[in-house]
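What follows is a short report on a single structure.
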Amino acid sequence: MTTFDDREQAFERKFANDQELEFKATARRNRLLGEWAAGLMGLATVEEYARAVVKSDFEQPGDEDVFRKVFEDLKGSGVAASEGEVRMKMAELLAFAREQLRAGE
């Protein structure tokens, strides 16, 4: 193999690793978001709701399915949270989840 082939394989491994970490960070963010929303709604079944939020991410590509579930559930339970607040919390928790994964937690 040439040096070029070695570099190409290294880039492919890094890309695959980055994609895996992003998937894990998104799943962790969704769980944390579910726990946050369950706390706001006063649910006794926090873990069950967090799992439902994680599962909602598989409905469509992107984050809109997760946002829609959490926002509609909050609105339906009478919690006064704006779209901006939920989106900001999603961004904050994604950054937190990425940091946890980098730290090996």
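Pairing residues of segment 46-65 that are open to solvent by less than 70 Å² (accessible area, probe 1.4 Å) with residues that are β-branched (Val, Ile, Thr) and assigned to a helix (DSSP H, G or I), at Cβ distances under 9 Å and at least 6 apart in sequence or on separate chains, gives VAL53/VAL66; VAL53/VAL70; VAL54/VAL66; SER56/VAL66; SER56/VAL70; ASP57/THR26; ASP57/VAL66; ASP63/THR26.
Residue count for segment 51-68, restricted to those that are touching a helix residue (DSSP H, G or I) at 6+ places or on another chain (Cβ under 7 Å), in a helix (DSSP H, G or I) and either among the β-branched types (Val, Ile, Thr) or under 18 Å from GLU85 (Cα atoms) (or both): 5.
If the condition is being free of Cβ contacts under 8 Å to residues at least 24 places away in the same chain and either over 15 Å from TYR49 (Cα atoms) or open to solvent by 50 Å² or more (accessible area, probe 1.4 Å) (or both), then segment 66-85 contributes ARG68, LYS69, GLU72, LYS75, GLY76, GLY78, ALA80, SER82, GLU83, GLY84, GLU85. Applying the set (1) more than 26 Å from ALA103 (Cα to Cα); (2) in contact with a Gly (Cβ under 8 Å, 6 or more places away or on another chain); (3) not β-branched (Val, Ile, Thr) to ARG51 leaves exactly one unmet item: (1). Checked across segment 85-99, the condition of being out of contact with any Ser or Thr (no Cβ under 9 Å at 6 or more places or on another chain) and assigned to a loop (DSSP other than H, G, I, E, B) holds for no residue. Pairs linking a residue in segment 19-38 that is touching a residue at least 24 places away in the same chain (Cβ under 8 Å) to a residue that is among the β-branched types (Val, Ile, Thr) and outside any helix (DSSP H, G or I), with Cβ atoms under 9 Å and 6 or more positions apart or on different chains, are ALA37/VAL79.
The values are calculated or read from the model by the stated rules, or taken from the named source; none is laboratory data. Please read all numbers here as calculations on a predicted model, not as lab measurements. Please note: Cβ atoms are built from the backbone with ideal geometry, for glycine as well, and neighbour counts cover all protein chains shown. What goes into the accessible areas is simple: the full protein's heavy atoms, side chains included, and nothing from ligands, DNA or RNA. Shrake-Rupley method; radii C 1.70, N 1.55, O 1.52, S 1.80 Å.
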